[in-house]
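Comments concern the structure below.
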Amino acid sequence: MALLSKKDTSLILDPLADNNPITIQVLGICSALAITAELKASIVMALSVVFVLGIGNVVISLMRNIIPSKIRIIVQLVVVAALVIMVDQVLKAFAYELSKTLSVFVGLIITNCIIMGRFEAFALANGPWRSFLDGIGNAAGYGLILVIIGFFRELLGSGTLLGFKVLGDPIEKTGLYATGYENNGFMLLSPMALIVVGLIIWVQRSRNKALIEEN
Amino acid sequence: MSLKNNLHNLKEKYKGKKMAPAFNAIHTFLYAPNETTHSGSHVRAVDDLKRTMNTVIMALVPVLIFGIFNAGYQHYAAVDAANGAVRQASLFGNFLTWENFIMGAWTVLPLVIVSYAVGLAVEFLFAVIKGHEVEEGYLVTGMLVPLIVPIDTPLWMLAVAVIFGVVIGKEVFGGTGMNILNPALTIRAFLFFAYPTWMSGDKVWVHQAVDLAGGPDAISGETILGYLAQNKAAEMTYSVSDMFFGFIPGSVGETSTILILLGGLFLIYSKIASWRIMVSAVLGALVMGVIFNGVVDAGWITETSKFYGLMSFDFWQHLIVGGLAFGIVYMATDPVTGAQTNRGKWIYGFFIGFISVLIRVFNPAYPEGVFLAILLMNVFAPTIDHYVIRGNVNRRMKRAKNATILPGDGEGKAQELKAETV
């Protein structure tokens with residue numbers, strides 16, 4: 001017997017592609033635009049959300065039968081706030097510079113639509129193991145898009161990847177810059193992140209026609 | 001066999017094949033299509049999209065030629081200025097010379113060629129992928145783009161911007177006629193935000209100024225708006241007639257207000273562009289200019305204010321510097337992205353002029369607010385139209401509600417509606 005049943009596997013894999021929280025459900029766009037100017041920030045943000053959503057889904061799922069439905073949103077907020085504060089404190093302790101780059105956006109994970117969405121739509125109705133897989137899957141789907149956007153924005157906007165000057169030095173004019181290439185400042189602005197998200201959606205839909213809505 | 005027959009045969013040969021749209025495009029570019037609709041009634045008129053586009057291009061040619069001469073003239077004037085000699089512009093004395101023309105053509109024509117080659121390549125690509133005819137929309141855009149960029153814009157940047165502008169600004173919305181934003185201005189905006197050092201400052205407006213910067217032969221040319229934004233109006237050596245005729249630094253085609261004016265009159269005469277938009281945009285710019293002049297006259301701001309230079313600039317002179325005139329005549333009047341209703345055109349145009357001068361004065365980082373103003377109003381144009389139409393519907397509904405309905409004449413015939421009297 002396999003570790004993961006077929007349904008369990010699809011809980012993890014579906015959000016990565018055909019049920020992606022960002023490109024299909026169009027949730028969590030705000031942070032995808034705000035913090036993806038650097039790849040490193042994108043990766044940390046992705047990992048933070050994986051942690052918060054994975055644990056959060058399990059906690060909510062365990063409590064699902066004792067939460068009075070009238071106050072469930074408040075209970076969910078308490079759970080997610082506690083987890084986010086943990087992430088925030090860890091970042092402040094071990095990666096201070098990065099936590100300054102991410103600034104309020106770590107705190108704003110609380111308001112990330114994907115997290116509340118998964119609590120409401122999945123964890124309140126499923127067992128802890130399934131909820132854990134669903135949380136990990138959705139957060140990974142979110143993180144995947146963040147990393148793709150972060151990759152292109154940092155590469156084209158600053159000419160670096162994770163801080164390494166992969167295209168050469170823009171001031172010394174080495175590498176690609178010797179040929180007259182210049183960084184695209186537009187990539188560092190949020191509007192371009194939205195356009196990159198749009199392009200990803202475009203590519204995804206032209207590869208899988210089933211995703212295109214009829215209208 | 002004539003060329004027309006050859007092209008026609010080629011078209012027949014590739015009918016139904018993947019590359020058919022590309023061959024159709026070449027055929028219809030040169031000749032009128034020899035097909036008619038297969039069903040229903042139809043009107044065959046000469047003023048199709050292609051003719052419309054060609055008329056705009058005709059209106060742009062004088063501006064382009066002037067831009068070529070001006071590119072050379074500004075270069076040599078800046079070299080003179082670097083040597084301490086101030087050049088006084090005279091049309092036949094030192095402007096229309098071979099020297100200027102060769103220098104200008106050498107720098108301007110590559111911009112035109114890259115703009116058309118890249119833009120049309122994208123159009124052909126999308127036509128083949130989507131299997132529809134190649135659209136004519138790029139003909140005007142391709143001519144506008146080289147005219148609204150600084151002279152020394154690197155060609156690869158232009159190419160990247162054109163791809164972005166045509167794909168994101170137009171093709172994703174469904175191609176020509178479906179776009180929300182003016183593609184030429186989308187390209188300009190992309191360049192401005194992506195490569196700001198190449199799009200503003202005092203080095204980019206004169207050919208070779210960037211290459212020579214810092215060296216012994218350094219030259220520069222600040223635009224008039226640049227001078228004003230820095231409160232350095234006194235250092236400016238340009239007269240009002242220089243500004244009107246266009247012997248000033250600036251983007252390639254935007255400097256000569258008189259030629260733009262003539263182009264505008266030609267477009268109005270040929271009924272291609274809307275005179276309502278042009279007139280209301282000019283009014284909008286003048287109103288905003290008068291307000292700023294009034295603020296200065298009332299003594300609310302002093303010469304120490306960073307806005308003083310631009311605010312105290314005579315209100316009517318805003319029309320003859322920068323890209324305002326060019327934007328109003330050639331880009332605000334784009335029939336696809338502008339307002340469609342007559343009343344909407346007045347509102348749309350007025351705000352373009354109004355906001356252009358507003359941005360120009362209040363944000364020294366964006367000395368050229370025209371393109372932002374037009375893009376902004378492009379976005380609002382459908383909303384303006386919506387409310388103009390709603391207003392009209394409401395007015396008529398009210399009229400219908402208040403109408404007196406006379407009793408019928410007994411034969412069950414239509415009752416008379418006394419609507420017009422209300």
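Summary table below
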read-out	value
Residue within the range B:361-384 that is at pLDDT 90 or above, more than 30 Å from B:GLY201 (Cβ to Cβ), part of a helix (DSSP H, G or I) and in contact with a Ser or Thr (Cβ under 7 Å, 6 or more places away or on another chain) present	yes
Filter result for the condition that a residue is within 26 Å of the chain's Cα centre (by Cα) and part of a loop (DSSP other than H, G, I, E, B), over B:GLU123, B:GLU133	B:GLU133
Residue within the range A:196-211 that is more than 11 Å from chain B (Cβ to nearest Cβ), of a type in the set (D, E, K, R), part of a loop (DSSP other than H, G, I, E, B) and closer than 30 Å to A:ASP14 by Cβ present	no
Identity of the residue in the range A:131-169, closer than 19 Å to A:CYS30 by Cα and free of Cβ contacts under 8 Å to residues at least 60 places away in the same chain, that ends up surrounded by the fewest Cβ atoms within 10 Å (Cβ to Cβ)	A:PHE152
Qualifying residues in the range A:133-174 (those that are of a type in the set (Ser, Thr, Tyr) and not in a loop (DSSP other than H, G, I, E, B)) - the one farthest from the other protein chains (Cβ to nearest Cβ)	A:TYR142
Every residue from the range B:285-304 that is surrounded by 15 or more Cβ atoms within 10 Å (Cβ to Cβ) and not in a helix (DSSP H, G or I)	B:ILE301
Flag if B:PHE192 is surrounded by fewer than 20 Cβ atoms within 10 Å (Cβ to Cβ) and either in contact with a helix residue (DSSP H, G or I) (Cβ under 6 Å, 6 or more places away or on another chain) or among the aromatic types (Phe, Trp, Tyr) (or both)	no
Answer from B:ALA59, B:ALA45 - the residue that is modelled with pLDDT under 85, aliphatic (A, V, I, L, M) and out of contact with any Asp or Glu (no Cβ under 8 Å at 6 or more places or on another chain)	B:ALA45
Any chance B:THR333 is part of a loop (DSSP other than H, G, I, E, B) and free of Cβ contacts under 8 Å to residues at least 60 places away in the same chain	no
Selected residue (only one of B:LEU228, B:LEU259 is farther than 18 Å from B:ILE148 by Cα and either in contact with a helix residue (DSSP H, G or I) (Cβ under 9 Å, 6 or more places away or on another chain) or of a type in the set (Asp, Glu) (or both))	B:LEU228
Residue match in the range A:175-191 (condition: more than 14 Å from chain B (Cβ to nearest Cβ), among the β-branched types (Val, Ile, Thr) and over 19 Å from B:MET199 (Cα atoms))	no
Matching residues in the range B:154-173 - criterion: being more than 18 Å from the chain's Cα centre (by Cα) and either at positive phi or among the aromatic types (Phe, Trp, Tyr) (or both)	B:TRP156, B:PHE173
Pair list, Cβ < 6 Å and 6+ apart or interchain, from the range B:120-149 residues that are within 11 Å of B:THR176 (Cα to Cα) to residues that are acidic (Asp, Glu)	B:VAL134/B:GLU123; B:TYR138/B:GLU123
Tally of residues being more than 14 Å from chain A (Cβ to nearest Cβ) and either modelled with pLDDT of 90 or more or touching a Lys or Arg at 6+ places or on another chain (Cβ under 7 Å) (or both) across the range B:150-165	1
A:THR23, sole failed condition from (1) under 29 Å from A:GLN89 (Cα atoms); (2) crowded, with 23+ Cβ neighbours inside 10 Å; (3) of a type in the set (Val, Ile, Thr)	(1)
Unmet criterion (only one of (1) of a type in the set (A, V, I, L, M, F, W, C); (2) assigned to a helix (DSSP H, G or I); (3) out of contact with any His (no Cβ under 7 Å at 6 or more places or on another chain); (4) under 30 Å from B:ILE57 (Cβ atoms)) for B:VAL357	(3)
Residues of the range B:62-109 classified as within 26 Å of B:TYR330 (Cα to Cα) and among the aromatic types (Phe, Trp, Tyr), total	6
Those helices (runs of 4 or more DSSP H) lying entirely in the range B:174-273 with at least 3 residues over 23 Å from the mean Cα position of the chain (by Cα), modelled with pLDDT under 85 and more than 14 Å from chain A (Cβ to nearest Cβ)	B:224-229
Check on B:PRO150, assigned to a loop (DSSP other than H, G, I, E, B) and closer than 22 Å to B:ALA325 by Cβ	yes
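The values are calculated or read from the model by the stated rules, or taken from the named source; none is laboratory data. Predicted model, so just to flag it, every value in this text is computed and none were measured. Positions of Cβ are backbone-derived with ideal geometry, glycine not excepted, and every protein chain shown enters the neighbour counts.
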